[in-house]
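The values are calculated or read from the model by the stated rules, or taken from the named source; none is laboratory data. Source: prediction; values computed, not measured. A quick note on method: Cβ atoms are made from the backbone with ideal geometry, for glycine too, and the neighbour counts reach across all protein chains shown. For accessibility, only protein heavy atoms count, side chains too; no ligands or nucleic acids. Shrake-Rupley method; radii C 1.70, N 1.55, O 1.52, S 1.80 Å.
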Amino acid sequence: MEIVVSLVRQMRESLRDLAPVVLVMAFFQLAVLRQPLPSTLALADLLTGLICVVIGLTLFIKGLEFGLFPVGESLARAFVTKGSLVWLLLFSFALGFGSTIAEPALIAVANQAANVVAEGGLINQTDAARQVFASSLRMVVAVSVGSAVVLGVLRIFKGWPLHLMIISGYVIVLLLTLLVPPEIVGIAYDSGGVTTSTITVPLVTALGVGLASSIKGRSPMLDGFGLIAFASVMPIIFVLLFSLMGLPFLPGVAL
Amino acid sequence: MNSLLGTFWHTLMDILPIVAVIFGFQYGVIRKPIKRLSRVIVGFLMVWIGLSLFLVGLEQALFPMGELMATQLTSVDFLPMLEEGAQRHWRDYFWVYVFAFMIGASTTLAEPSLIAVSIKAGEISGGTINPLMLRIAVSLGMALGITLGAWRIVMGWPLHWFIFAAYLLVILQTLRSPRSIIPLAFDSGGVTTSTITVPIIAALGLGLASSIPGRSPLMDGFGMIALACLFPIISVMGYAQIAQWVTIRHHKKKRQQMPKGDSNAL
């Protein structure tokens with residue numbers, strides 16, 4: 001019963017969250033564009049789609065509060081009481097790596113990237129070369145997210161200042177951008193955005209906040225956040241480095 | 001129906017590795033049972049079903065609608081008539097900028113991972129951060145970034161000017177804003193690029209880039225997302241700076257009023 005009440009309340013919030021999108025679209029459709037909907041887009045389909053979005057958002061947010069948030073935080077606390085930094089870092093890497101390697105958005109981007117790079121003449125125009133490139137790109141990105149979470153967790157432990165690390169990350173990105181072939185720049189910047197998926201973000205946030213609130217001398221506000229920031233800069237650096245140093249050594253890829 | 005099952009399958013593939021890592025470490029390394037296990041399992045099931053339904057709904061309603069409107073707004077039929085041989089002025093794309101701003105702001109408000117982060121931020125800040133205000137700040141930043149991105153595609157100016165300028169602003173603000181907001185601000189840049197906003201923005205960028213001669217859809221579509229990641233950082237720090245300024249002014253006023261009250265009492 002308690003679940004039902006909180007679900008209904010959450011449903012009202014989801015409706016409120018989605019109302020602006022619907023209003024903006026309706027305004028543009030009715031007042032600005034004033035064109036009839038094409039036959040492929042039936043009004044009934046749009047409505048059922050919207051209902052799916054509202055129910056889905058409601059279940060997702062409530063599910064986070066029931067499952068992902070408490071488990072993430074209690075794991076973080078358990079690692080701190082266990083006192084083993086090595087296990088914690090292993091866990092962080094596995095979490096970052098595991099949530100990225102199977103990410104459907106990354107698979108799509110990697111395949112698309114292989115085409116772009118092949119057309120740009122950086123790798124051979126064969127299917128084999130494209131496949132090798134796409135799977136190594138996925139690997140590089142997954143490893144980079146794993147290392148980003150590890151670095152972020154280390155930062156929480158040591159209390160290093162976040163802004164200095166992120167700004168030096170920016171500087172590295174800028175410098176590397178000047179060195180790499182232009183075709184790779186777009187792919188690299190995109191891979192930074194792809195990795196922060198809807199499930200990874202809440203879990204990584206719960207991990208960071210859980211760690212920062214159970215380690216003495218760390219404040220959750222100052223130290224708990226920042227993991228996502230690493231996870232969106234690190235892939236850019238890794239992919240840029242990969243195009244400089246890894247690309248020429250891929251088997252069957254180099255011209 | 002097929003796409004429905006496909007979406008559920010993709011989401012499962014997205015969740016399974018995380019579940020494996022969590023439960024593997026919980027039982028293999030920590031070796032303690034999870035508290036309220038049944039509730040946690042229900043939670044994970046809700047996340048799976050919820051996210052899948054959410055994505056199915058997006059595919060069916062919001063994405064086709066957003067893409068349709070993006071192509072219609074940038075198509076030649078919609079833009080104002082051109083005189084013979086005249087060049088298009090950037091103001092001709094007025095409705096594109098308005099659309100970019102409004103759609104950027106409204107889709108970001110509904111972004112699930114941003115909702116999640118703002119819930120956490122509200123919880124641990126002990127009420128000093130209002131989750132809804134945080135989301136509004138991020139949305140405004142996102143909207144600004146996307147609008148600038150659209151304008152940049154129309155003008156054809158190089159992306160890195162904008163990126164450098166935005167980086168510079170971020171660095172300057174970092175030096176001036178309250179320390180406790182900085183990590184959250186940096187996080188909000190990465191949070192926004194997950195589900196709803198990106199496909200609609202990409203469609204808008206694609207439509208613009210292909211309707212204007214001399215723009216490459218591939219290079220310019222991505223530029224909008226890069227800018228959209230940076231501006232929430234700026235707007236969240238800006239929000240904190242304004243909030244801080246207001247409180248300081250408030251305190252000053254109080255202090256100024258106090259001696260007055262004292263003299264009256266005398």
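Applied to region A:77-90, the Karplus parametrisation 6.51 cos²θ - 1.76 cosθ + 1.60 on θ = phi - 60° returns per-residue 3J(HN,Hα) values of 5, 4, 5, 5, 5, 5, x, 9, 5, 4, 4, 4, 5, 4 Hz, with x for Gly and Pro. A probe of 1.4 angstrom, applied to the heavy atoms of all protein chains, finds residue B:25 with accessible area near 30 square angstrom.
About its Cα centre, the dipole of region A:1-152 is roughly 200 debye, where the only charges are +1 on Lys and Arg Cβ and -1 on Asp and Glu Cβ.
Rounded to the nearest whole Hz, the Karplus-based 3J(HN,Hα) values (6.51 cos²θ - 1.76 cosθ + 1.60, θ = phi - 60°) of region B:125-137 follow the sequence 7, x, x, 6, 9, 8, x, 5, 5, 4, 5, 5, 4, with x at glycine and proline. If you add up the charges near residue A:195, with Lys and Arg at +1 and Asp and Glu at -1, over every other residue whose beta carbon is less than 14 angstrom from its beta carbon, what do you get? After counting each charged neighbour, the total is -3. For the residues of A:170-178, the average number of beta carbons from a partner chain within 10 Å of their own beta carbon is 2. If I build a Gaussian network model for chain B, linking alpha-carbon pairs within less than 10 angstrom, which residue out of B:152, B:255, B:179 has the largest mean-square fluctuation? In this elastic network of chain B, the residue with the biggest mean-square fluctuation among B:152, B:255, B:179 is B:255. With all protein chains kept in place, the per residue accessible area of region B:1-135 amounts to 49 square angstrom at a probe of 1.4 angstrom. Buried between A and B is an accessible area of approximately 7900 Å², summed over both sides with a 1.4 Å probe.
Averaged over the residues of B:6-15, the number of partner chain Cβ atoms lying within 10 Å of the residue Cβ comes to 3. Pairwise Cα distances in region A:1-86 exceed 16 Å for 69 percent of all pairs. Rolling a 1.4 Å probe over the protein heavy atoms gives chain A an accessible area of 41 Å² per residue. Computing FRET efficiency as 1/(1 + (r/R0)^6) for residue A:13 and residue A:43, where r is the C-beta to C-beta distance and R0 is 25 Å, gives about 0.45. Comparing A:106, A:18, A:46 in a Gaussian network model of chain A (Cα springs below 10 Å), the most mobile by mean-square fluctuation is A:46. When Rg and the Kirkwood Rh are both derived from Cα coordinates, the Rg/Rh ratio for chain A amounts to 1.05. Remark on region A:73-94: accessible area falls by at least 50 square angstrom from chain-alone to full-complex state for A:75, probe 1.4 angstrom. Of all the options A:103, A:65, A:73, the one that moves most in a Gaussian network model of chain A with Cα springs shorter than 10 angstrom is A:65.
For chain B, averaging the sequence separation of C-alpha pairs within contact (under 8 Å, six or more residues apart) and dividing by the residue count gives a relative contact order of 22 percent. Coupling constants for region A:139-148 follow from the phi torsions by the Karplus curve (6.51 cos²θ - 1.76 cosθ + 1.60, θ = phi - 60°), and in residue order they are 4, 4, 5, 5, 4, 5, 5, x, 5, 5 Hz; glycine and proline get x.
Pairs spanning more than 31 Å between alpha-carbon atoms, out of A:216/B:254; A:158/B:252; A:62/B:254; A:216/B:253; A:216/B:32: A:216/B:254; A:158/B:252; A:62/B:254; A:216/B:253.
Summary of packing: across the peptides A:149-160, B:50-61, the per-residue average of other C-beta atoms within 10 Å ranks them, highest first, as B:50-61, A:149-160. Orientation-averaged projection of the protein assembly as shown equals 30.4 nm² [convex hull of Cα atoms, one quarter of hull surface area].
Multiplying the residue separation of residue B:77 and residue B:39 by 0.36 nm and removing their Cα-Cα distance gives an extension gain of 8.2 nm.
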